[in-house]
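Asker: Just dropping this structure here.
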Amino acid sequence: MDRYDSIIVGAGHNGLVCAAYLARNGQRVLVLEAAPAPGGLAADREFHPGFHTSIAHSIGHFSSKVAGDLNLAAHGFTTAKRRLPVLGLRLNGEHLVVDGDSLAGVGADDAAAYKNHRARMGRFATTLSPFWLKTMPRISGGSLADWTTFGRIGFNLRRMGREDFREFLRVASLPARDLMDEQFSDAVLKAVLSWDGLIGSKLAPRSPNGAVPAMLYRMAEAARGGHSIPSGGVPGLIQSLQRAAESLGAEIRCAAEVRRILVGGSSAGLAVKGVQLANGEQIEAARVVSAVDPKRTFLDLVGVRYLDIGFTNRIRRLRCDGTVGKLHLALSGLPEFSGLPQPNGRMILAPDMDAIEFAFDDAKHGELPVHPVMEILMPSLADASLAPPGQHVLSAQVLYVPYRLKGGWNDAAGERMRERAIDAIAQYAPRIREQIIHGEFLTPEDVALGCRVTGGHWHHVEFALDQMLMMRPTYEAAQYQTPIPGLYLCGAGCHPGGDLTGAPGHNAAQEILR
Amino acid sequence: MSTPDPYAGERLKLSPFHPRQQALNIRDAWTSWNGYKFAEHYYEAEYEYFCVRNLCATYDISPMQKYQIQGPDAQTLLNRMVTRDVAKVGLNRVAYCVWCTDAGRVIDDGTIFRLAADRFLLTCGSPCTAWLERSAYGFAEVEVKDLSDALAALSLQGPTACAVLKKLGLDGIDAVKPFDIRHFSLHGTALMVSRTGFTGDLGYELWIEPDRALELWDALYAAGAHYGIHPYGETATNMARLEAGFIMPGMEFNEALKTVHFEHDQTPFELNLGWLVDFNKPHFSGRRALLEEKRRGPKYTLTKLDVEGNRPAEGGSRIYGNKRCTKAVGYVTSAMWSPAAKANIALAMIRTEHRQGALWAEIYYEKELRQYSRVAKCTPLRKPFWAPPRARATPPPDY
Ligand SMILES: Cc1cc2nc3c(=O)[nH]c(=O)nc-3n(C[C@H](O)[C@H](O)[C@H](O)COP(=O)(O)OP(=O)(O)OC[C@H]3O[C@@H](n4cnc5c(N)ncnc54)[C@H](O)[C@@H]3O)c2cc1C
């Protein structure tokens, strides 16, 4: 009996979530992961002996429904009481602190404006939040369910009240820059509040359309965008998902790279048969659910010969160039940021929105950013086991680092980028260099190769209007089903998108179990 | 020193056969096709048509688009692109094909020549470079090469065509079956001959490198002198193809990549080309959509009509389901008085559900600047308008 009900390709968090739901419903499930351990972009990474981190370093809006359904708390996952404030660092040491509804370190006008901003964004986020966990309607399917979802979106928006509804339509596509400029005057505050609208996307403060949807997406859960680090760091989430999936009966095999998704053909058309591993082994299943990004899934694992030409072209044209690099430092002690008693938050190093914009400008032309901007975390403060006693791990998301560097990436370019990032940190923590035991810089290309994600893209597929909702990743594959019977998608390239949410995995499972 | 031509890039290109065709185009009646200067007619379209039907005549198909698709993945690429099963096309055989969008709407029709297990020639009326590039994406082992300007081609059609080629010295030409390809040598140059054409009659297409085009022309016209060989232009071609029931882009169908409005293009089923769609193939581009179309039935069906009277129901005439012309059920795409069929014929797109009922065409015509209209009864035909046995016979009748 070697036929599975479902094979899940990729044990990133979405693959694990999907596997757990399917197993919970009695399916015989096998998860195949190429890497030696599960987790994907959230996997544990020992980048220097004894020093651990993960590429995704904090959790913002992991679905509470998923956590509840899969009883993740029983498997050791919690984010409660571990919330991180956001720290806007200033060169003069007079930092600002955003912690949920509270804001310190800015003038009275900005503080008042923040209250309004926060409340309004909260109302918008509440309105949209049900839809992140729903299958989007087909653009031209015209089924009752499709129309109902469409109708419900419209109804919910309208129910916000006339004033909010009009404002929502006005600001939904605003550049972050405009949204900030019309409300605030403090330069660092504007940069900090823009951050979650920009990070992960090929988007700068002056770019239209994408920032507000990203902010609202990230405010979907009760924490309203507040991040946390679970015990064990982000890989702690993966551990609990793995336990949950296994306890429900799912089998997880690591170091099992899928080379091809096998498609059978007869006069009845195409149908998925199973997978073939890199070692040649073939495993049969009634369906294959791919958590691998859509480009790799269709172009590499399935192969264009089984796809329509127009569909192939849309997959090929998906925008998947990553923009975020990762700096990991093994430190001999806790770094001292001038004016900061404890570096225990998401520290944003961006003096103003122009700094973000200029870093973007460099990268969009294929250059290294001259002055990178970044978000820094100290995972070892959240969980001391992530570094040897007394020592620490610094993890930074560095913007904007082009996936396609002019002339291509090489060691020298990677080192230059690492040094520039450290220089930027040293402006705020002048003695940091003395504490560095080891440092690594992961370019988007490193992420692409190391984690098997096209472009090393944060969301697998750029989170942008043309690739969102019922267009994600593209029509005819936006409801987790694909044009090939028996083949499904469940990764970040599906609605609603990337980040550690579990939502795509959840939604795909609902669709499969319908 | 002469001044450079400011319109150089805009001028029409000249076919390799142009010098000879120019000399014969005594009406200077030129149009263009794919950027080439192209004869609408040479002397008089009907005269040329009668040459095609009663003697033989040449038509310059050099401006046609020709692509070589070569490599281990060539067959797979084509089989995914077109609706027919290319695997079934034998070596040195030609197959008429259509290819469709994902939605099953016809992009273009054309012919595929299998020249080797892994080498094909695809010919079509409009440039297909972009679609081929999309079709080839993802195939590692295939090369698509545009041979449009690198291959001269001349169509020789009509009852005496085989006799002329025999006279030209093409030994064994009479054994060449419809849709066969045979390779010859003409004065040491490779000459490829396919028994194909766009007239529904006995005919061949001759393929040669452009530098030797005039040599081929001269030899062919010398051989054909006593067989009535003439050139014919676009208008005569259009007459012959209509009698044969062949479809024409811009008339029977709109190339799907060029339409703006929803369903202003056609499916193979609407064009009565369901026989080209091979659902035994597990996959081809548009298969899912076409399966659904087949299940549902096409909205329109291209229908051959025998129209009462002798006034052609010129393209665009509406077709009605009643004599009072209040119930529109379709429109004429091409029409003519057919000398060969001795009938007033038309191709029309008719709403499928109305094909069985009575059909009436409202025909507008002019007589010495006065405008008239009449309503003519139409009879749908199942059989071709005209299909002479010689078109299929091997060997063809000798002259
Ligand atoms: C630099 C960076 C920093 C980030 N930081 C954060 C953050 O702090 N917080 C946050 O919420 N999000 C963050 N993200 C985004 C987040 O990590 C991703 O959106 C999310 O992890 C995607 O999860 P997934 O399960 O869909 O895919 P992945 O985690 O990419 O998992 C896909 C899995 O498929 C496997 N795979 C691929 N090909 C094959 C194959 N052929 N056979 C078998 N297995 C295969 C891969 O090895 C991988 O394990 C970050 C992303 C990046 C790039």
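Rule-based calculations on the coordinates, nothing more; no lab input. Because the structure is a prediction, the values reported are computed rather than measured. Note: ideal-geometry Cβ built from the backbone for every residue, glycine included; neighbour counts use all protein chains shown.
Asker: Rounded to the nearest 500 deg cm²/dmol, what is the calculated helix-only ellipticity per residue at 222 nm for chain B, with -39500 (n - 2.57) per DSSP H run of length n ≥ 4? Provide the component values of the computation, followed by the final result.
Answerer: Numbers: 8 runs with 74 residues, N = 399.
Counting only the DSSP helices, I get -5500 deg cm²/dmol.
Asker: Taking Rh as the Kirkwood radius computed over C-alpha pairs, what is the Stokes-Einstein D of chain B at 20 °C in a medium of viscosity 1.002 mPa s, expressed in µm² per second?
Answerer: Reported coefficient: 96 µm²/s.
Asker: So, one more: Gaussian network model of chain B, Cα springs within a sub-10 Å range: biggest mean-square fluctuation belongs to which of B:Thr326, B:Thr199, B:Thr76?
Answerer: In the Gaussian network model the winner is B:Thr326.
Asker: Summing -39500 (n - 2.57) over the DSSP H runs of n ≥ 4 in chain A and dividing by its residue number, what mean residue ellipticity at 222 nm do you reach, to the nearest 500 deg cm²/dmol?
Answerer: My calculation for chain A gives -10000 deg cm²/dmol from helical runs alone.
Asker: Which entries of A:Lys326/A:Lys364; A:Lys295/B:Lys145; A:Lys202/A:Lys326; A:Lys134/B:Lys294; B:Lys166/B:Lys342; B:Lys177/B:Lys294 have Cα-Cα distances beyond 21 Å here?
Answerer: Values: A:Lys326/A:Lys364 18 Å; A:Lys295/B:Lys145 27 Å; A:Lys202/A:Lys326 16 Å; A:Lys134/B:Lys294 33 Å; B:Lys166/B:Lys342 31 Å; B:Lys177/B:Lys294 32 Å.
Violating the 21 Å limit, Cα to Cα: A:Lys295/B:Lys145; A:Lys134/B:Lys294; B:Lys166/B:Lys342; B:Lys177/B:Lys294.
Asker: Roughly speaking, what is the stretch gain from A:Arg159 to A:Gln427, that is 0.36 nm per residue apart minus the C-alpha to C-alpha distance, in nm to one decimal?
Answerer: In short, 91.7 nm is gained.
Asker: A follow-up question, please. So, in nm, how far is label B:Lys377 from label A:Glu257 when the simple model puts each one 7 Å beyond its Cα toward the Cβ?
Answerer: Here the modelled spin labels are 7.5 nm apart.
Asker: Still on this structure, please answer the following. Determine one quarter of the surface area of the Cα convex hull of the range B:1-64, which equals its mean projected area, and express it in nm² to one decimal.
Answerer: 5.5
Asker: If I fit a long axis through the Cα atoms of helix A:353-364 and take the longest principal axis of the Cα atoms of chain A, what angle between them do I get, 0 to 90°, rounded to 10?
Answerer: Around 50 degrees separate the two axes.
Asker: In Å³ and rounded to a whole number, note down the convex hull volume per residue for the Cα atoms of the range A:111-217.
Answerer: 111
Asker: While we're here: If you wrap a convex hull around the C-alpha atoms of the range A:1-123 and split its volume per residue, what is the figure in Å³? Numbers along the way, then the final one.
Answerer: Values: hull volume 21.7 nm³, N = 123.
Cα convex hull per residue, to the nearest whole number: 176 Å³.
Asker: Please report the antiparallel percentage of DSSP beta bridges with both residues in chain A, rounded to the nearest 5.
Answerer: Around 70 percent antiparallel, to the nearest 5.
Asker: Running a GNM on chain B with Cα contacts under 10 Å, which residue among B:Arg296, B:Arg53, B:Arg374 ends up with the highest mean-square fluctuation?
Answerer: Highest fluctuation among the options: B:Arg296.
Asker: Moving to a separate point now. Name the lysines eligible as straight-distance cross-link partners of B:Lys13: C-alpha to C-alpha under 18 Å, and not fewer than 8 places from it in the same chain.
Answerer: B:Lys37, B:Lys66
Asker: List the aspartates and glutamates whose Cα sits under 15 Å from the Cα of B:Lys299, skipping any in the same chain fewer than 8 residues away.
Answerer: Partners found: B:Glu252, B:Glu263, B:Asp265, B:Glu270, B:Glu353.
Asker: Now a separate question. From the Cα trace of the protein assembly as shown, what convex hull volume per residue do you get, rounded to a whole Å³?
Answerer: In the protein assembly as shown, the Cα convex hull volume per residue is 234 Å³.
Asker: Computed FRET efficiency, Cβ-Cβ of A:Asp361 and A:Arg170, R0 30 Å: what is it to the nearest 0.05?
Answerer: For A:Asp361 and A:Arg170, the calculated efficiency is 0.65.
Asker: B:Lys323 versus B:Ala130, label points 7 Å from Cα toward the beta carbon: distance in nm?
Answerer: Each label point is offset 7 Å from its Cα along the Cβ direction, giving 5.0 nm.
Asker: How are the Cα pair distances of chain A distributed, in percent, across 10 Å bins from 0?
Answerer: Per 10 Å bin, starting at 0, the Cα pair percentages come out as 4, 20, 31, 27, 14, 4, 0, 0.
Asker: Can you list, by residue number, the Cys in chain A that have no neighbouring cysteine C-beta under 4.7 Å?
Answerer: Singleton cysteines: A:Cys254, A:Cys320, A:Cys451, A:Cys494.
Asker: May I ask for the angle, rounded to the nearest 10°, between helix A:503-513 and the longest principal axis of chain A, with both axes built from Cα atoms and the value confined to 0 to 90°?
Answerer: Here the helix axis deviates by roughly 20 degrees.
Asker: May I pose another question? Taking K and R as +1 and D and E as -1, what net charge do the other residues with C-beta under 12 Å from the C-beta of B:Glu243 add up to?
Answerer: That works out to +3.
Asker: Ok, one more. Translational D (Stokes-Einstein, µm²/s) of the range A:324-451 at 10 °C and 1.306 mPa s when Rh comes from the Kirkwood sum over C-alpha pairs? Mind dumping the intermediate values first?
Answerer: Details: Rh = 14.9 Å.
For the chosen part, D equals 106 µm²/s.
Asker: Compute the long axis of helix A:13-24 from its Cα atoms, compare it with the longest principal axis of the Cα atoms of chain A, and write down the angle in degrees, 0 to 90, nearest 10.
Answerer: On a 0 to 90 degree scale, this one is about 40.
Asker: Considering the alpha-carbon set of the range B:30-131 alone, what are its Rg and its Dmax in angstrom?
Answerer: 16.4, 48
Asker: Based on the Kirkwood radius over alpha-carbon pairs, what value in µm²/s does the Stokes-Einstein equation return for the translational diffusion coefficient of the range B:79-230 at 20 °C and 1.002 mPa s?
Answerer: 128
Asker: Arranged by the count of other C-beta atoms within 10 angstrom, fewest first, what order do A:Leu198, A:Leu241, A:Leu270 take?
Answerer: Least to most surrounded, the residues fall as A:Leu270, A:Leu198, A:Leu241.
Asker: Another question about this same structure. At R0 = 60 Å, how high is the FRET efficiency between B:Ile26 and A:Arg316 if r is their beta carbon distance? Nearest 0.05 is fine.
Answerer: According to the calculation, E is roughly 0.70.
Asker: Compare B:Val375, B:Val260, B:Val86 in a GNM of chain B, Cα atoms joined below 10 Å, and give the one with the largest fluctuation.
Answerer: Most flexible of the set in this elastic network: B:Val260.
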